[in-house]
Number of protein chains: 6
Amino acid sequence: MSRRTIKEYRAEREEGQQRLLDLDHLGVQRFLRLDHACYEDKALPGRTKELLGLVASMVLRCNDCIDYHIEQCVKAGWNKDELADAMNVALIVGGSIVIPHMRHAMLSLDELLAEQ
Amino acid sequence: MSRRTIKEYRAEREEGQQRLLDLDHLGVQRFLRLDHACYEDKALPGRTKELLGLVASMVLRCNDCIDYHIEQCVKAGWNKDELADAMNVALIVGGSIVIPHMRHAMLSLDELLAEQ
Amino acid sequence: MSRRTIKEYRAEREEGQQRLLDLDHLGVQRFLRLDHACYEDKALPGRTKELLGLVASMVLRCNDCIDYHIEQCVKAGWNKDELADAMNVALIVGGSIVIPHMRHAMLSLDELLAEQ
Amino acid sequence: MSRRTIKEYRAEREEGQQRLLDLDHLGVQRFLRLDHACYEDKALPGRTKELLGLVASMVLRCNDCIDYHIEQCVKAGWNKDELADAMNVALIVGGSIVIPHMRHAMLSLDELLAEQ
Amino acid sequence: MSRRTIKEYRAEREEGQQRLLDLDHLGVQRFLRLDHACYEDKALPGRTKELLGLVASMVLRCNDCIDYHIEQCVKAGWNKDELADAMNVALIVGGSIVIPHMRHAMLSLDELLAEQ
Amino acid sequence: MSRRTIKEYRAEREEGQQRLLDLDHLGVQRFLRLDHACYEDKALPGRTKELLGLVASMVLRCNDCIDYHIEQCVKAGWNKDELADAMNVALIVGGSIVIPHMRHAMLSLDELLAEQ
């Protein structure tokens, strides 16, 4: 077993996300829409909030969420130095337990930058 | 690397569980028995407590624990609508960081329902 | 400084909750409504979901959330033995780190039962 | 027992922080300096990183850390609407378990704005 | 509201602990005994395991558990330098979110050393 | 997908760690050095602190961190009974949610002991 690449993550996410979207539960559907809307431009620009989402995902140590937000951050135009500086906040706040997720995030970031 | 199926989970769990059961440590053995006894009928029926175990596993974000409890929930007769309603509590309490685990849970649930 | 009683909790919660309700942010308001709706009767009865909310709050170790849900559980008619049996699931899943919160929950429960 | 105000927080923090600064342990002293340096202007401006620190503190549910970062955010010029929009990210990512901390944060924010 | 002293912690803990011991629930009683037995001499000396309990309590950020284990550590003869070195592991593993709990632990430690 | 072996972990860790070491960010580099230095002999011997690192990793439920520290513990001469006794502290403090990580740890330990 080796690291799940961004391509593999996208395929797996899509399959699971479809199950959620197919669920006949109003509360779940509303939460999914609220989650999506949360990163749109409002008092803060959406791109700043993607950075917030990335750091929150790192301190909570969720690779799926990291992969999602790091892709959005790259699309929003944050560069590698800026993302490393944001990740450093997650590392200092969350400690060495965050290191494996930061390794994962850097590998994902390199994949995403190579795709461009 | 793709998602671990319920069948793969069962095989992996069995191998690891055997190592725990082979451990010559009274405290560990007693905890394992206490853990098992906790879901038996008592003031609350065992099937209600399996639902509690599932939601606790989801907000603590542990896929192995989710797979264990969702199988017990299916055996206890909870249907898909009821399980989705319980999972919605986990989603609201635990937030979007729970979403990848809810995707996993829905895929596991579909596997389990297909086995029946 | 001594333990915050249920009465003190109610006063403090009300003051803070008002600030949230006064916030001019659509996402926050929608989440608050979704949170409220999540415990209404649906595929599962609301009273079962209050029990799920209590156990989720205990394993996530939040006394404010415990006080909120334990009051709802008492209103929904769960008795002390049933609540202790639910809390035992939280204790086994979450471990000894949950004990201080279970002490808090039992003191809150006694206050709530004395009010009745 | 009522909510700890920002003024009380500052006094308590100062007493405890002095104990840490007095500790004769090189690793601890280096970590404290690294923590401080992490929010200085670098690839990202310090004020953006204070927002990251606030959201990380909220999803990890630490009122002391929230009070520290919200004061830095106010000093850095973020207004109430922007801070509410950042907190909404924490609320969506972290779920309803974050609500008591968001109540606390809004009360702290009002105190800080009143001081200005 | 100011910091809860060790004396106040002891009184509050005793009241809550009595409620747990009074609970008519076999699973809870067995867990409490298992928790106690876990820190007795076995393959590792109890005093080493108190240090493990302290660090676990710090990274999980529970002041009640910190106060309990730091008192046991002082009784077991660990000195201030050794405890600071153990706490540094918690700080590095758990990050700056642990700092408020390390402040609390140092204040508790000074109280405990003054009692001797 | 089956369990990642210690050999696979080492290869994956090395690739990711190199990305971190290549990062042009002073804060990240300093944290990595601080993390390394934290387990050296000081007021406590390094081997005791490796045990603290293992238990912290288990209650925070990070398999990568568990694999790292369990290898260091084996190198430092802790035997299987002592490691099981330390893991029991993690199990009691952290609860049944730690069990999947304890299974993982025991499988890793058997691999490491077989290598010797």
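Given the structure, is B:ASN88 more than 15 Å from the chain's Cα centre (by Cα) and either more than 7 Å from every other protein chain (Cβ to nearest Cβ) or over 30 Å from F:ASP85 (Cα atoms) (or both)? Break it down into steps so the answer makes sense when it comes.
Details: more than 15 Å from the chain's Cα centre (by Cα): yes; either more than 7 Å from every other protein chain (Cβ to nearest Cβ) or over 30 Å from F:ASP85 (Cα atoms) (or both): yes.
So B:ASN88 fits the description; yes.
For the range B:1-15, enumerate the residues that are more than 16 Å from the chain's Cα centre (by Cα) and assigned to a helix (DSSP H, G or I).
B:GLU15
Would you confirm whether or not the range E:60-81 contains a residue that is among the acidic types (Asp, Glu) and modelled with pLDDT under 95?
no
Might you let me know whether the range F:19-37 holds any residue that is closer than 26 Å to A:ASN88 by Cβ and in contact (Cβ under 8 Å) with a residue 40 or more places away in the chain?
no
Which numbered condition in (1) facing chain C (nearest Cβ under 8 Å); (2) modelled with pLDDT of 95 or more is the only one that E:GLU8 fails?
The failed condition is (2).
Mind counting the residues in the range F:41-51 that are of a type outside the set (Ser, Thr, Tyr) and either within 15 Å of the chain's Cα centre (by Cα) or away from chain E (no Cβ under 11 Å) (or both)?
Of the range F:41-51, the ones of a type outside the set (Ser, Thr, Tyr) are F:41-47, F:49-51.
After this cut, where a residue has to be either within 15 Å of the chain's Cα centre (by Cα) or away from chain E (no Cβ under 11 Å) (or both) as well, the list is F:46-47, F:49-51.
Qualifying residue count for the region: 5.
Name the single residue, out of those in the range E:38-52 being open to solvent by 20 Å² or more (accessible area, probe 1.4 Å) and among the charged types (D, E, K, R), that is nearest to C:VAL98 (Cα to Cα).
It comes out as E:GLU40.
Is the range D:53-69 home to any residue that is in contact with a Ser or Thr (Cβ under 9 Å, 6 or more places away or on another chain), over 30 Å from A:ASN79 (Cβ atoms) and open to solvent by less than 20 Å² (accessible area, probe 1.4 Å)?
yes
When you look at E:ILE97, is it among the β-branched types (Val, Ile, Thr) and either at pLDDT below 95 or farther than 30 Å from B:LEU34 by Cα (or both), yes or no? If you could, list the steps in order and put the result at the bottom.
On the way: among the β-branched types (Val, Ile, Thr): yes; either at pLDDT below 95 or farther than 30 Å from B:LEU34 by Cα (or both): yes.
So E:ILE97 fits the description; yes.
In the range C:19-37, how many are surrounded by 13 or more Cβ atoms within 10 Å (Cβ to Cβ) and more than 7 Å from chain D (Cβ to nearest Cβ)?
5
In the range A:95-114, which residue that is of a type in the set (Gly, Ala, Ser) and open to solvent by 10 Å² or more (accessible area, probe 1.4 Å) is farthest from the other protein chains (Cβ to nearest Cβ)?
Here the answer is A:ALA114.
Is it the case that some residue within the range F:56-79 is of a type in the set (D, E, K, R) and more than 14 Å from the chain's Cα centre (by Cα)?
Checked against the condition, which is being of a type in the set (D, E, K, R) and more than 14 Å from the chain's Cα centre (by Cα), the range F:56-79 yields no hits at all.
Restricting attention to the range F:42-62, and to residues there that are among the small types (Gly, Ala, Ser) and in a helix (DSSP H, G or I), which single residue is nearest to F:ALA105 (Cα to Cα)?
For the range F:42-62, the residue satisfying everything is F:SER57.
Inspect all residues belonging to the range A:56-65 and state whether any of them is within 14 Å of chain F (Cβ to nearest Cβ), among the aliphatic types (A, V, I, L, M) and within 19 Å of F:ASP35 (Cβ to Cβ).
yes
The values are calculated or read from the model by the stated rules, or taken from the named source; none is laboratory data. All of these numbers come straight from a predicted model, not from anything done at the bench. Because the Cβ atoms are built from the backbone with ideal geometry, glycine has one as well, and the counts that use them run over all protein chains shown. Surface accessibility is based on the protein's heavy atoms, side chains included, excluding ligands, DNA and RNA. Shrake-Rupley method; radii C 1.70, N 1.55, O 1.52, S 1.80 Å.
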